[in-house]
1. Taking interchain pairs and intrachain pairs at least six residues apart, which have beta carbon atoms under 7 angstrom, with the first residue in region 53-78 and within 21 Å of GLU90 (Cβ to Cβ) and the second among the basic types (Lys, Arg)?
2. Quick check on my filter: what residues within region 21-63 are under 17 Å from SER2 (Cα atoms), open to solvent by 30 Å² or more (accessible area, probe 1.4 Å) and under 11 Å from the mean Cα position of the chain (by Cα)?
3. Check whether at least one residue in region 7-20 is within 29 Å of PRO98 (Cα to Cα) and more than 15 Å from the chain's Cα centre (by Cα), and report yes or no.
4. Kindly establish whether ALA80 is out of contact with any Gly (no Cβ under 8 Å at 6 or more places or on another chain) and either surrounded by 14 or more Cβ atoms within 10 Å (Cβ to Cβ) or closer than 12 Å to ALA24 by Cα (or both).
Amino acid sequence: MSEPVRLHILITTLPGRGQEQIEAFRRLAPVVRAEEGCLQYDLHQVSGHPDRFVLVERWASRSALAAHDVTPHVIAADAASPAFRACPAEVIELAATPVA
């Protein structure tokens, strides 16, 4: 059986455009959370930094994540994000088990 995949995605918006990221996430989240294999999909704003976010994703398997990446709604969201993001998101994949 496949191990779950855990991602932390660092997002920075253009100055003053954080609310656009929040609104885009609110539209996208229900659709993503309904995808097969989605275990977690949560956006957190960095405390004290209204234009910085961490998206926490957890998928049941690598194949579930791969299927998610090619859905029409994710492709559309990725195409729209440069309008308010300062740079491409940084994707950090966490190891399957904690070190301690």
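The values are calculated or read from the model by the stated rules, or taken from the named source; none is laboratory data. In this text the structure is predicted, and so the values were computed from the model without any measurement. Don't worry about glycine lacking a Cβ; one is built from the backbone with ideal geometry, like all the others, and counts go over all protein chains shown. Each accessible area value is taken on the protein alone, full model and side chains, heavy atoms only, with ligands, DNA and RNA left out. Shrake-Rupley method; radii C 1.70, N 1.55, O 1.52, S 1.80 Å.
1. Within 7 Å, the pairs are ARG58/ARG6.
2. Passing the criteria: GLN40, ARG58.
3. We begin by selecting, within region 7-20, every residue within 29 Å of PRO98 (Cα to Cα); these are 7-12.
Within this subset, residues satisfying the condition of being more than 15 Å from the chain's Cα centre (by Cα) are none.
The answer is no, given that none of the residues of region 7-20 is within 29 Å of PRO98 (Cα to Cα) and more than 15 Å from the chain's Cα centre (by Cα).
4. Values: out of contact with any Gly (no Cβ under 8 Å at 6 or more places or on another chain): yes; either surrounded by 14 or more Cβ atoms within 10 Å (Cβ to Cβ) or closer than 12 Å to ALA24 by Cα (or both): yes.
Taking the combined requirement at face value, the residue satisfies it.
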